[in-house]
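**Q** Starting off with a structure, shown below.
The values are calculated or read from the model by the stated rules, or taken from the named source; none is laboratory data. As the structure is a computational prediction, the values presented were derived from the model and not from experiment. Here Cβ is always computed from backbone atoms with ideal geometry, including for glycine, and neighbour counts include all displayed protein chains. These accessible areas exclude ligands, DNA and RNA; they are computed on the full protein's heavy atoms, side chains included. Shrake-Rupley method; radii C 1.70, N 1.55, O 1.52, S 1.80 Å.
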Amino acid sequence: MSKDIVELNEDVSDSPLYSEDLAPVPVSQRTWTKWHLAAIWVGMAVCIPTYLLASYMIKTGLNWYEALIIIGLANLIITIPMVLNGHAGVKYGVPFPVIGRSSFGVKGIHIPSVIRGLVACGWFGVNTWLGGMALYSIFIAISGIDAAIGLSVGQFVCFGIFWIINMYFIWKGTESIKWLEEYAAPILIVMGLILIGWGYSNAGGFGIVLEQGKQLEIPVAEIYQSDDNKSFIHLNPIKDKQGVAKASDYQLILNGTELGWNTLTIDDIAISNLNENDIYQVQLKNEKTISSIASVTTRSEKDSFGDKIWKYLIWLTAMLGFWATMSLSIADITRYSSSQKAQVQGQFIGLPGTMMLYSFVGIFVTCAAIVNFDDILIANDAPWDPIALLAKFDSVWVVVIAQIFMIIATLSTNIAANVIAPANAFSNLLPKKISFRGGGFITGIIGILIFPWLLLNEIQGLLIDVSAVLGPVLAILVCDYYLINKKQIQLADLYKENGLYAFGGSGINKAAIIALLIGAFIAIGGKWIPAMSSLYAISWFSGFIVSFVLYYVLMKKTKKV
């Protein structure tokens, strides 16, 4: 183990850049084995967003195994830079904001670390609200009272309780986080297996369930023209195991006007006098329920081989972005690892497998649901969200137990993924005044101040875009550590205001800032500039590659190389 770890042999404790929380972790405190690291990844990966990942792809026409392969490949790819970036955490025992001083400078590191921290604060607020809503669901189920329409005092009380639970683990420190993840991981794996077992036993086998997945890949309704230029609408209602549509009637809606209910048949619906600007929608019903209103889309040509590959690449980029922020700050966790071998094995054991397992759980359980529940008439109403699925069960205790699992999953994700990084980032701003614990409390307060109950959907879109910008930061960290410094960091200088990483006294490495700004522009610019839309579609790759190459070229011109 000593070969893997470099210890601090110079007293720099008087430096304003030093604190006990940001100091290298001593060898005696490197207690996290590969199983602890695997457990922390299980705890982070098991969450509602993971459960929903495949649904986004399947809704665009990919089949379930294509979605699963992309998720697995993306997480294998992202684990590589995760392990590469985690190497410095093990070797030098310092968190991301400290190791990043070698590439960005002792002051320049505040830019990426605080952005990373604020992204985590946003997700912390969102997840804390979701955890509070799980508590609220338990209260509603046990008390038997009706859930409030809109926001209510009860929801805010439950949000506050869940927020306090999160703050407890922050107060207790990193060892309590290790304890939480160690015990949460097996519970969460068992939960996934139980869900698969439920789908298998109620639907009649794996083959039957996954065969139903084909129904989720196609649009609810398509409009097309026949060879003789007549227009028709083809409906794709959800069918049971015998191939019989669950709906008995349909209703077309033209430009907002309902056209009346008709008996559903296997024949396509003829449309007369179709105008260019006409907007058709459709709704289905049976004796028990009525579906949501779905848009009628124009039937598209089958994707060419090139189009298919491009779609795969776009989705691969999106899946890489899922853990892009975590790949920056992975040293916050690997600094507690007992060896390089442990961090490599732990991450490869914990991340790709768990992401694939829980994405498969989401696919399998949703496919089983469309078989088991007669009130799912169209693909748009498939209960991809586990909260929507739970609403279909009448048993109070099924709801209570499932929501307890949801709380454990949300808590383990929130603490590991959304607290450690911002706590270290805020502590790094004023090491002598803000401790890890203080940084954690700042995270919690910001998580409230973003008002997640009001801005849930808007916040998620913004956080994803900001995450894409952070790909260049990872490129700079990896390039600096492996190609510029050859894995040799002057540990004591990381804590010196006028040391090697002060970059002439400014504390800012201009090469890193230039590479970051240009790489970020390449990654996100296509959102507003049509000519760059292709680069935006693969933002993680484009931003990473540009910043990596540019940083290397710029640093090659300095004395540091």
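**Q** Would you check which residues across region 4-43 are touching a helix residue (DSSP H, G or I) at 6+ places or on another chain (Cβ under 6 Å) and of a type in the set (Asp, Glu) and list them?
**A** ASP4, GLU10, ASP21
**Q** So is ASP465 farther than 22 Å from MET167 by Cβ, touching a residue at least 12 places away in the same chain (Cβ under 8 Å), in a helix (DSSP H, G or I) and open to solvent by 10 Å² or more (accessible area, probe 1.4 Å) or not?
**A** On the way: farther than 22 Å from MET167 by Cβ: yes; touching a residue at least 12 places away in the same chain (Cβ under 8 Å): yes; in a helix (DSSP H, G or I): yes; open to solvent by 10 Å² or more (accessible area, probe 1.4 Å): yes.
Considered against the rule, which asks whether it is farther than 22 Å from MET167 by Cβ, touching a residue at least 12 places away in the same chain (Cβ under 8 Å), in a helix (DSSP H, G or I) and open to solvent by 10 Å² or more (accessible area, probe 1.4 Å), ASP465 comes out as yes.
**Q** Any chance region 98-105 includes a residue that's of a type in the set (Lys, Arg) and over 30 Å from TYR501 (Cβ atoms)?
**A** For region 98-105, residues of a type in the set (Lys, Arg) and over 30 Å from TYR501 (Cβ atoms): absent.
**Q** Give all pairs with beta carbons closer than 8 Å in which a residue from region 484-498 that is at positive phi meets a residue that is open to solvent by less than 80 Å² (accessible area, probe 1.4 Å); count only pairs at least 6 apart in sequence or on separate chains.
**A** Listed by first residue and then by second, the contacts come to LYS487/HIS87; LYS487/ALA88; LYS487/LYS91; LYS487/TYR481.
**Q** Please determine, by comparing only the residues of region 98-150 that are at pLDDT 90 or above and part of a loop (DSSP other than H, G, I, E, B), which one is most open to solvent (accessible area, probe 1.4 Å).
**A** LYS107
**Q** Return yes when TRP163 is at pLDDT 95 or above, of a type in the set (A, V, I, L, M, F, W, C), farther than 30 Å from GLY505 by Cβ and assigned to a helix (DSSP H, G or I) and no when it is not.
**A** Taking the combined requirement at face value, the residue satisfies it.
**Q** When you go through ILE370, ILE309 one by one, which is the residue that is without any contact (Cβ under 8 Å) to a residue 40 or more places away in the chain, β-branched (Val, Ile, Thr) and at negative phi?
**A** The unique qualifying residue is ILE309.
**Q** If you scan region 166-221, which residues turn out to be under 20 Å from ILE401 (Cα atoms), in contact (Cβ under 8 Å) with a residue 60 or more places away in the chain and of a type in the set (Phe, Trp, Tyr)?
**A** Passing the criteria: TRP198, TYR200.
**Q** Taking region 170-205 as the search range and keeping residues that are aromatic (Phe, Trp, Tyr) and more than 22 Å from VAL419 (Cα to Cα), which one is farthest from the chain's Cα centre (by Cα)?
**A** Among residues in region 170-205 that are aromatic (Phe, Trp, Tyr) and more than 22 Å from VAL419 (Cα to Cα), the one farthest from the chain's Cα centre (by Cα) is TYR200.
**Q** Another question, then. Starting from region 32-48, take each residue that is outside any loop (DSSP other than H, G, I, E, B) and list its partners that are at pLDDT below 90 and of a type in the set (Lys, Arg), counting only C-beta distances under 7 angstrom and pairs at least six apart or across chains.
**A** Pairs that qualify, where the first residue is outside any loop (DSSP other than H, G, I, E, B) and the partner is at pLDDT below 90 and of a type in the set (Lys, Arg), are TRP32/LYS178; HIS36/LYS178.
**Q** Is it true that some residue in region 221-234 is of a type in the set (Phe, Trp, Tyr), more than 30 Å from PHE544 (Cβ to Cβ) and surrounded by 12 or more Cβ atoms within 10 Å (Cβ to Cβ)?
**A** Step one: filter region 221-234 for residues of a type in the set (Phe, Trp, Tyr), giving 224, 232.
Subsequent filtering for residues that are more than 30 Å from PHE544 (Cβ to Cβ) retains 224, 232.
Add one more test, that the residue is surrounded by 12 or more Cβ atoms within 10 Å (Cβ to Cβ), and what stays is 224, 232.
There is at least one residue in region 221-234 that is of a type in the set (Phe, Trp, Tyr), more than 30 Å from PHE544 (Cβ to Cβ) and surrounded by 12 or more Cβ atoms within 10 Å (Cβ to Cβ).
**Q** Give the residue, chosen from LYS311, LYS302, that is at pLDDT below 90 and assigned to a loop (DSSP other than H, G, I, E, B).
**A** Values: LYS311 fails: assigned to a loop (DSSP other than H, G, I, E, B).
Of LYS311, LYS302, the one residue that is at pLDDT below 90 and assigned to a loop (DSSP other than H, G, I, E, B) is LYS302.
**Q** Looking for whichever is touching a helix residue (DSSP H, G or I) at 6+ places or on another chain (Cβ under 7 Å) and of a type in the set (Val, Ile, Thr) here; the options are THR317, THR297, THR289. Which one fits?
**A** Just one listed residue meets the conditions, THR317.
**Q** Take the conditions buried (at least 23 other Cβ atoms within 10 Å of the Cβ) and either among the hydroxyl-bearing types (Ser, Thr, Tyr) or touching a Ser or Thr at 6+ places or on another chain (Cβ under 6 Å) (or both) and apply them to GLY43. Does it pass?
**A** Yes.
**Q** Could you say whether any residue in region 46-57 is closer than 14 Å to SER339 by Cβ and open to solvent by 30 Å² or more (accessible area, probe 1.4 Å)?
**A** no
**Q** Considering region 497-544 alone, what residues qualify as being outside any helix (DSSP H, G or I) and farther than 18 Å from THR325 by Cα?
**A** Matches in region 497-544: GLU497, ASN498, GLY499, PHE503, GLY504, GLY505, SER506, GLY507, ILE508, ASN509, TRP528, ILE529.
**Q** Please name all residue pairs, on different chains or six or more residues apart, with Cβ atoms under 7 Å, provided the first residue is in region 381-399 and is without any contact (Cβ under 8 Å) to a residue 24 or more places away in the chain and the second residue is outside any helix (DSSP H, G or I) and open to solvent by less than 40 Å² (accessible area, probe 1.4 Å).
**A** From region 381-399, the pairs are LYS392/PHE373; LYS392/PRO383.
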